[in-house]
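Peer 1: I am attaching a structure below and will ask some questions about it afterwards.
The values are calculated or read from the model by the stated rules, or taken from the named source; none is laboratory data. Please read all numbers here as calculations on a predicted model, not as lab measurements. Here the Cβ is made from the backbone with ideal geometry for all residues, glycine too, and neighbour counts use every protein chain on show.
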Amino acid sequence: MDTDNTGLNSKKNISVFSFCSIIKKWWDSFSALFLLKKSVAFFFILAFTVCLNSSKIKAQSHELKNMKNWQLKGFGKDAIRIGDKYSAIKFYNEFLKRKPDNFRYTYLLAQLYKNDRDYVNAKNSFYNAYTLSKKKNISALFNYALMLKTIGEYDEAFLQLKNCEKELRKKGFRPINKERLVNEMKGIQLSLAKNDSIENYKIIHLDSSINKSSIEFSPIIIDDSTLVYGSSDVTPSEYINLQNGDKQKYRKFFQAKRNNTVSWSKNYSLPEPFKNSENENTGSACFSPEKSRYYFTRCKENQVYKIICNLFVREFSNGIWGQALQLDNRINHPDYTSSQPTAGKCYDDNLDIIYFVSDRPGGIGGYDIWYTVYNKKTKSYTKALNAGVFINTPENEKTPFYDLKNHAMYYSSDGNFGYGGFDIFRSFGDMLNWSLPENMGRPLNSSFDDFCFTVSENNLSGFFTSNRTGSIYTTHANCCDDIYFFNKQKSENILFSTKINLNDITEEFIKNSDLIPDTAIQTLWLEGTVASLYLTEPNNNPVFLAKDTLEKEGGVTFNLMRNKNYKIVIDDKRLIENEFSISTIGNNSVTMKIDRIQIKSIPEKAIILTNILYDFDVATLCDSAKQYIDTTLIPMLQKYIDINIEIYSHTDSKGGESYNEILSQKRAENVILYLTERGIEESRMKGIGIGQKLPVALNTNVDGSDNPDGRRLNRRTELKIDKK
């Protein structure tokens, strides 16, 4: 499963010799044969003889014929235990020649072929297991259908999946859950349908300067002409005799320089900070977004022959890369794998998100994508968390790659609907908040395993790994992974730009001529305000993608992708409508410009409503005032349900101060009462009588004479708007 150890199969490459080393230790401990029973002595003699006479498993076929059935089963079981599936296949094949009707070992052999990606033999063995099972084993039938799908026999695969569905309905969808079954059938329908992405990608199989009969994986783009990648540099059929002094070969990084589109030159020297280990597997790595930290994986076998991978980091400081430090147990797990790191961003520029793959408990499936948050200010990591059900499935996810430009995660899954095996998917978002996964389609995906996707900074080219037909192999077709290069025929990106300004909401309902000149509405610019971009899609929460600070005159720029729906949210307390929608569906250009977008805002000051008039010494609204409210305040309050209002009533100085305060309070309350009668919630409004305390003009002239114009200005009604 893990690309830091799968393919090399270090356990496989030492194969019988590891097993023989164990037997030899047993033999040395019990060299006094007279202390052993004859049957036990015979076992050690036979096993030791087989080991001493074997240089390759193929060379001991004549020895297999001389073994008893119980020995074949026992050796097969031990070979599986140490990860030597090649030897286990040999043992079980010999056993089944003698016992062809044995369901258990037929099914075990089928699983071994499947794990070895020998799909044709796996298909035949699963079919045999299904026909041999007395109760019609559903797992055998389901896996038979999967193998048919993988080798491209879609019609027959769909038919067998429908047969599975019939049987599973009787058993409550056990042991295969309904979602998995439906996804596999959807994948077949996808495979048979026309896929538009075919026209957009040109795929190139890298030549033998990089791809060998070993396994190549984890391409890392350094620049336009430099590639670092992982390789075992060992063929799957090559066996290493540790007893003869051969050194076990580990997976390592290699560097290649581009000669032209298809030709590369392999270079065994590595640029900093890449380093290989003499006694551990390496092969997956990434840089932090600002390139100041380098994360990578090292893997080795534990006491029970399980490969355990751990994450390490090197930091760049004072012009040099520091020593490798293993991340602590909040991230690495002592008993489970943590590997395949990739680094992303989120809403906070001080935080980096480090994603990785793990099979630890607490996940959703077998291998899941997890993440830890790195705080650049405190230089600390959080405890690892699962990336959630939008990304992870009950099956397996692996090889995540985070596209910083588009705030997108590319990863491979065998639990989502796809063409077969592992398919490459894309989800936008970060941490736990993701868009629905989209299959990247053909030709990036095939019916085989496609993973280790990576894309250049300009999003126009990249690499991925696949065992699709055409990859170099030695033992059988599709056994081995090669690196492929792709070019996009047209960019998926659209550069969007616009200018955003504020117009307060009263402009929509209250004409400038209705206002006193000093309170006339003005256009406001949003320079320095933060705008955030979100992806929107049906039946899902908006997914944050990026943010930008508005420039002079409200200028903002975002990188969008084709055939998506977005919204831009403006972070400003003055706004009543702080977002607007954008769609790139059907847009085939590389740029998209909207000259100006006007967003409604709340006026910062109270607005004087001169058309709400009262008869002298009367608190009730006149007909003209009611008509004005009907055409201004009521439509505004009905449209913008997230605002509250305050009505301030003022008088001139005629009459006593106490009298005017009571009068103005009644006038303000009558406005609120009228609005309530028209269906506006009373809780959204408040009436306040100010009386004569806050004049805006002189009620009398300097010489003591009456000032009618000043009194008219002081007899006013003001509107103050707030957000809830």
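Peer 1: Scan region 685-715 for residues that are at pLDDT 95 or above and either surrounded by fewer than 18 Cβ atoms within 10 Å (Cβ to Cβ) or not assigned by TED's automatic domain parsing to the domain that holds Lys639 (or both) and jot them down.
Peer 2: Matches in region 685-715: Lys686, Ile688.
Peer 1: Another question, then. Which of the numbered conditions does Arg330 fail, given that it passes all the others? Conditions: (1) touching a Leu at 6+ places or on another chain (Cβ under 8 Å); (2) of a type in the set (Lys, Arg); (3) in contact (Cβ under 8 Å) with a residue 40 or more places away in the chain.
Peer 2: Arg330 satisfies all of (1) touching a Leu at 6+ places or on another chain (Cβ under 8 Å); (2) of a type in the set (Lys, Arg); (3) in contact (Cβ under 8 Å) with a residue 40 or more places away in the chain except (1).
Peer 1: To continue, here is another question. Determine whether Gly470 is crowded, with 21+ Cβ neighbours inside 10 Å and not aromatic (Phe, Trp, Tyr).
Peer 2: Values: crowded, with 21+ Cβ neighbours inside 10 Å: no; not aromatic (Phe, Trp, Tyr): yes.
No.
Peer 1: Ok, one more. Before we move on, is Ser446 without any contact (Cβ under 8 Å) to a residue 40 or more places away in the chain, farther than 22 Å from Pro289 by Cα, out of contact with any Lys or Arg (no Cβ under 7 Å at 6 or more places or on another chain) and of a type in the set (Ser, Thr, Tyr)? Steps first, please.
Peer 2: Numbers: without any contact (Cβ under 8 Å) to a residue 40 or more places away in the chain: yes; farther than 22 Å from Pro289 by Cα: yes; out of contact with any Lys or Arg (no Cβ under 7 Å at 6 or more places or on another chain): no; of a type in the set (Ser, Thr, Tyr): yes.
No.
Peer 1: Restricting attention to helices (runs of 4 or more DSSP H) lying wholly within region 632-724, give those where 2 or more residues are over 18 Å from Pro603 (Cα atoms) and not β-branched (Val, Ile, Thr).
Peer 2: Those helices (runs of 4 or more DSSP H) span 657-677, 708-714.
Peer 1: Please go through region 126-146 and pick out each residue that is hydroxyl-bearing (Ser, Thr, Tyr) and farther than 21 Å from Arg180 by Cβ.
Peer 2: Residues of region 126-146 that are hydroxyl-bearing (Ser, Thr, Tyr), as a first pass: 127, 130-131, 133, 139, 144.
Passing the criteria: only Thr131.
Peer 1: Can you say whether Tyr294 is buried (at least 17 other Cβ atoms within 10 Å of the Cβ), free of Cβ contacts under 8 Å to residues at least 60 places away in the same chain and either in contact with a strand residue (DSSP E or B) (Cβ under 7 Å, 6 or more places away or on another chain) or more than 23 Å from Glu457 (Cα to Cα) (or both), as far as the supplied structure shows? Before the answer, list the steps.
Peer 2: Working: buried (at least 17 other Cβ atoms within 10 Å of the Cβ): yes; free of Cβ contacts under 8 Å to residues at least 60 places away in the same chain: yes; either in contact with a strand residue (DSSP E or B) (Cβ under 7 Å, 6 or more places away or on another chain) or more than 23 Å from Glu457 (Cα to Cα) (or both): yes.
So Tyr294 fits the description; yes.
Peer 1: Taking the options Thr620, Thr651, Thr584, name whichever one is in contact with a helix residue (DSSP H, G or I) (Cβ under 7 Å, 6 or more places away or on another chain) and modelled with pLDDT of 90 or more.
Peer 2: Numbers: Thr620 fails: modelled with pLDDT of 90 or more; Thr584 fails: in contact with a helix residue (DSSP H, G or I) (Cβ under 7 Å, 6 or more places away or on another chain).
Thr651 is the lone residue from the list that is in contact with a helix residue (DSSP H, G or I) (Cβ under 7 Å, 6 or more places away or on another chain) and modelled with pLDDT of 90 or more.
Peer 1: Yes or no: Leu146 crowded, with 17+ Cβ neighbours inside 10 Å, among the hydrophobic types (A, V, I, L, M, F, W, C), within 25 Å of Pro443 (Cβ to Cβ) and in contact (Cβ under 8 Å) with a residue 60 or more places away in the chain? Outline the logic, then answer.
Peer 2: Details: crowded, with 17+ Cβ neighbours inside 10 Å: yes; among the hydrophobic types (A, V, I, L, M, F, W, C): yes; within 25 Å of Pro443 (Cβ to Cβ): yes; in contact (Cβ under 8 Å) with a residue 60 or more places away in the chain: yes.
Against the criterion (crowded, with 17+ Cβ neighbours inside 10 Å, among the hydrophobic types (A, V, I, L, M, F, W, C), within 25 Å of Pro443 (Cβ to Cβ) and in contact (Cβ under 8 Å) with a residue 60 or more places away in the chain), Leu146 qualifies.
Peer 1: In region 267-304, what residues are at pLDDT below 95, out of contact with any Asp or Glu (no Cβ under 8 Å at 6 or more places or on another chain) and not in a loop (DSSP other than H, G, I, E, B)?
Peer 2: Listed by number, the residues that qualify are Asn267, Glu301.
Peer 1: Tell me which of these Lys97 doesn't satisfy, since it passes every other one: (1) surrounded by fewer than 12 Cβ atoms within 10 Å (Cβ to Cβ); (2) at pLDDT below 85; (3) under 48 Å from the mean Cα position of the chain (by Cα).
Peer 2: (2)
Peer 1: Could you grab me the full set of residues in region 455-510 that are of a type in the set (Ser, Thr, Tyr), part of a strand (DSSP E or B) and in the same structural domain as Ile568 (by TED's automatic domain parsing)?
Peer 2: Initially, region 455-510 is screened for residues of a type in the set (Ser, Thr, Tyr), giving 456, 461, 465-466, 469, 471, 473-475, 484, 491, 497-498, 506.
Subsequent filtering for residues that are part of a strand (DSSP E or B) retains 461, 465-466, 484, 497-498.
Once the filter is applied, which keeps residues that are of a type in the set (Ser, Thr, Tyr), part of a strand (DSSP E or B) and in the same structural domain as Ile568 (by TED's automatic domain parsing), region 455-510 yields Ser497, Thr498.
Peer 1: Hey, any hits in region 439-448 for a residue that's touching a strand residue (DSSP E or B) at 6+ places or on another chain (Cβ under 6 Å), part of a strand (DSSP E or B) and either surrounded by 22 or more Cβ atoms within 10 Å (Cβ to Cβ) or β-branched (Val, Ile, Thr) (or both)?
Peer 2: Within region 439-448, not a single residue is touching a strand residue (DSSP E or B) at 6+ places or on another chain (Cβ under 6 Å), part of a strand (DSSP E or B) and either surrounded by 22 or more Cβ atoms within 10 Å (Cβ to Cβ) or β-branched (Val, Ile, Thr) (or both).
Peer 1: Separate question: Inside region 345-418, counting only strands (runs of 3 or more DSSP E) that do not spill past its ends, which hold 2 or more residues that are touching a strand residue (DSSP E or B) at 6+ places or on another chain (Cβ under 6 Å) and farther than 30 Å from Phe448 by Cβ?
Peer 2: Details: elements: 351-358, 368-375, 397-403, 408-413.
Output list reads 351-358, 368-375.
Peer 1: Assess whether Glu669 counts as being in contact (Cβ under 8 Å) with a residue 12 or more places away in the chain, among the acidic types (Asp, Glu) and more than 24 Å from Asp504 (Cα to Cα). Can you show your working first?
Peer 2: On the way: in contact (Cβ under 8 Å) with a residue 12 or more places away in the chain: yes; among the acidic types (Asp, Glu): yes; more than 24 Å from Asp504 (Cα to Cα): yes.
For Glu669, the condition - in contact (Cβ under 8 Å) with a residue 12 or more places away in the chain, among the acidic types (Asp, Glu) and more than 24 Å from Asp504 (Cα to Cα) - is met.
Peer 1: A follow-up question, please. For region 618-649, name all the residues that are basic (Lys, Arg) and within 50 Å of the chain's Cα centre (by Cα).
Peer 2: Keep residues of region 618-649 that are basic (Lys, Arg), which gives 626, 639.
Residue satisfying the conditions is Lys639 alone.
Peer 1: Here's something else I'd like to know. Among the candidates Ile721, Ile641, Ile612, single out the residue that is surrounded by fewer than 17 Cβ atoms within 10 Å (Cβ to Cβ) and of a type in the set (Val, Ile, Thr).
Peer 2: Numbers: Ile721 fails: surrounded by fewer than 17 Cβ atoms within 10 Å (Cβ to Cβ); Ile612 fails: surrounded by fewer than 17 Cβ atoms within 10 Å (Cβ to Cβ).
None of the other options fit; the residue is Ile641.
Okay, residues lined up against (1) in the same structural domain as Met185 (by TED's automatic domain parsing); (2) more than 21 Å from Glu184 (Cα to Cα); (3) among the hydrophobic types (A, V, I, L, M, F, W, C); (4) touching a residue at least 12 places away in the same chain (Cβ under 8 Å):
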residue: Asp348; (1), (2), (3), (4): no, yes, no, no
residue: Ile354; (1), (2), (3), (4): no, yes, yes, yes
residue: Ala387; (1), (2), (3), (4): no, yes, yes, yes
residue: Tyr410; (1), (2), (3), (4): no, no, no, yes
residue: Gly415; (1), (2), (3), (4): no, no, no, yes
residue: Phe425; (1), (2), (3), (4): no, no, yes, yes
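Peer 1: Then there's this: Any residue that is over 35 Å from the mean Cα position of the chain (by Cα), assigned to a strand (DSSP E or B) and within 27 Å of Glu646 (Cα to Cα) - is there at least one of those in region 576-590? If you could, list the steps in order and put the result at the bottom.
Peer 2: Looking only at region 576-590, we keep the residues that are over 35 Å from the mean Cα position of the chain (by Cα), and these are none.
Taking every residue of region 576-590 in turn, none turns out to be over 35 Å from the mean Cα position of the chain (by Cα), assigned to a strand (DSSP E or B) and within 27 Å of Glu646 (Cα to Cα).
Peer 1: Kindly state which helices (runs of 4 or more DSSP H) lie completely within region 126-209 and contain at least 2 residues that are under 30 Å from Ser491 (Cα atoms). Write out each step before concluding.
Peer 2: Values: elements: 138-150, 154-170, 178-192.
Counting at least 2 such residues, we get 178-192.
Peer 1: Can we say Asp116 is acidic (Asp, Glu), at pLDDT 90 or above and assigned by TED's automatic domain parsing to the domain that holds Asn137?
Peer 2: Details: acidic (Asp, Glu): yes; at pLDDT 90 or above: yes; assigned by TED's automatic domain parsing to the domain that holds Asn137: yes.
Yes; evaluated as a whole, the condition is true for this residue.
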